[in-house]
Amino acid sequence: MISFNVPPYYGNEEIYIHEAIQNHKICGDGQFTKYCNNWIEEKTGTTKALLTTSCTSALEMAAFLCDIKPDDEVIMSSFTFVSTANAFVLRGAKIVFVDIRPDTMNIDEKLIENAITSKTRAIVPMHYAGISCEMDTIMDIAKRYQLLVVEDAAQGVMSTYRGKALGVIGDFGCFSFHETKNYSMGEGGALLIQNQNYVERAEILREKGTNRSQFWRGQVDKYTWVDVGSSFLPSELNAAYLYGQLIKAEEINENRLKSWNFYYDHLYPLVEQGKIGIPFVPNDCVHNAHMFYIKTNDIIERDALIRYLKEHGIEAVFHYIPLHSATAGLKFGRFHGDDNYTTKESERLLRLPLYYGIKSEDLKIVVESISNFYEKRKSL
Ligand SMILES: *Cc1c(COP(=O)(O)O)cnc(C)c1O
């Protein structure tokens with residue numbers, strides 16, 4: 001069986017986990033959390049990076065820091081993971097979905113301005129497959145209407161837009177280190193903050209509403225309850241696992257890109273024959289090979305291809321069921337404008353196996369199986 005995903009594992013993770021155990025420091029904010037925060041800050045240029053228990057919790061922190069109030073509106077695409085919306089729904093916001101661009105599957109930046117009302121507080125672009133949204137346009141709109149921008153960069157670690165790391169273009173950026181992402185700690189994430197003014201509140205929020213971070217730095221002589229908060233900091237054991245991968249990020253990234261390019265080059269003939277669609281990377285974007293997907297003609301063909309691949313030992317999956325059509329989406333959101341592409345394009349999409357260290361023989365089998373599927377279909 002060729003798995004769709006194998007959690008990233010470089011081979012040095014145990015060394016650092018062992019070190020954390022030997023240090024007798026396994027709760028949060030020890031040296032490995034600091035190493036990871038520093039790595040993110042150096043790599044992306046963000047003002048502040050805070051490791052969190054997930055991207056979901058980073059999004060929740062961002063929604064809180066944006067001071068979202070009940071009945072505020074937040075604009076995003078409907079083709080995204082539930083957490084992008086939930087984080088804001090938890091604060092009482094109404095989600096306003098707009099259509100995607102069919103070429104990148106990202107929010108259509110041209111539709112955002114028309115969806116803005118007097119209640120709009122934030123725009124939440126999600127960078128699908130690690131390929132950036134059209135951030136210049138989005139930031140320009142945000143500036144003109146004084147809106148905050150929270151980037152869901154769960155899939156975008158190591159990707160850039162016009163030379164800038166994803167996650168540092170908006171006011172807040174959220175990374176995921178879930179086991180399905182490019183770099184992992186099992187469950188984990190990070191909040192990236194651009195404006196220094198938000199940093200203190202973020203640290204307090206993450207540390208159960210206490211000023212413990214200031215206490216550790218010697219800025220206060222005892223720590224106490226100073227604001228609302230929760231627990232958003234991960235264990236050192238998880239941070240140690242992640243650190244092993246972050247210091248090898250370039251190598252992991254190159255390995256993924258090699259596999260991604262293999263798919264691209266070898267599936268291109270099927271694109272030329274008009275059989276399938278493949279990802280489009282705009283000129284301003286450098287991507288991190290988070291995902292390789294193809295687009296079939298329609299949902300019937302896609303489901304047939306999933307079954308065919310499964311019969312040939314290949315696990316390929318689809319996502320997302322557009323949020324606006326889900327039970328919770330109907331309750332917490334509304335779709336602004338027409339759904340020209342969100343539903344139609346999501347039904348065509350199929351993700352192929354891609355992970356760090358996937359064997360080139362396996363990539364060949366996947367390509368051959370897809371080609372055989374279309375060869376057979378021709379003769380039907
Ligand atoms: C994976 C993912 C998340 C959630 O990440 P967790 O770390 O599992 O909370 C959020 N948004 C997008 C777009 C994702 O792909």
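Panel order for LEU111, LEU205, LEU166, by other beta carbons found within 10 Å of each beta carbon, from fewest to most: LEU111, LEU205, LEU166. Our summary gives the chain a relative contact order of 23 percent, counting only alpha carbon pairs under 8 angstrom and 6 or more residues apart. GNM on the chain, alpha-carbon springs under 10 angstrom: the most fluctuating residue among GLN196, GLN273, GLN214 is GLN273.
Between segment 305-342 and segment 166-245, the alpha-carbon centres lie 31 Å apart. Against the main long axis of the alpha-carbon atoms of the chain, helix 249-272 sits at an angle near 30°. For the residue pairs LYS164/LYS275; LYS48/LYS295; LYS94/LYS275; LYS94/LYS248; LYS181/LYS364, the alpha carbons lie more than 32 Å apart in LYS164/LYS275; LYS48/LYS295; LYS94/LYS275; LYS94/LYS248. Placing pseudo-labels 7 Å out from each Cα toward the beta carbon at GLU311 and ILE247 gives an inter-label distance of 4.9 nm.
What separates the Cα centres of segment 38-58 and segment 348-366 is a distance of 29 Å.
Using only the C-alpha atoms, the convex hull of segment 1-116 corresponds to 184 Å³ per residue. Here the residues CYS55, CYS66, CYS174, ranked from fewest to most Cβ neighbours within 10 Å of their Cβ, fall in the order CYS66, CYS55, CYS174. Listed values for segment 201-212 are Karplus-derived 3J(HN,Hα) couplings in whole Hz (6.51 cos²θ - 1.76 cosθ + 1.60, θ = phi - 60°), namely 5, 5, 5, 5, 4, 6, 10, 6, x, 10, 9, 4, and x replaces Gly and Pro.
Using a simple charge model, +1 on the beta-carbon of Lys and Arg, -1 on the beta-carbon of Asp and Glu, nothing else, what dipole does the chain show about its Cα centre, in debye to the nearest 20?
On the way: 40 positive and 49 negative charges, 74 e Å.
The calculation lands at about 360 debye.
Please arrange SER3, SER371, SER184, SER118 by how many other C-beta atoms lie within 10 Å of their C-beta, fewest to most. Numbers along the way, then the final one.
Details: SER3 12, SER371 15, SER184 21, SER118 5.
Least to most surrounded, the residues fall as SER118, SER3, SER371, SER184.
Expected output is a single nm value to one decimal: the length gained when fully extending between ARG162 and LYS344, i.e. 0.36 nm times separation in residues minus the C-alpha distance. What is it? The partial results should precede the final answer.
Numbers: separation 182, 0.36 × 182 = 65.52 nm, distance 2.97 nm.
Difference between extended and current length: 62.6 nm.
The overall shape of the chain is oblate: from the C-alpha gyration tensor, with semi-axes ordered a ≥ b ≥ c, the ratio a/c is 1.5 or greater and a/b is no larger than b/c.
For GLN196 and VAL228, the difference between the fully extended length at 0.36 nm per residue and the C-alpha to C-alpha distance is 9.6 nm. Per-residue extension of 0.36 nm, minus the Cα-Cα distance of GLN146 and ASN12, leaves a gain of 43.7 nm for this segment. Considering only beta bridges that DSSP places wholly inside the chain, some 55 percent are antiparallel.
No value in this document is a laboratory result; all are computed from the given coordinates. A quick note: this is a predicted structure, and the numbers were derived from the prediction, not measured. When we count neighbours, we look across all protein chains shown, and the Cβ atoms used for this are built from the backbone with ideal geometry, even at glycine.
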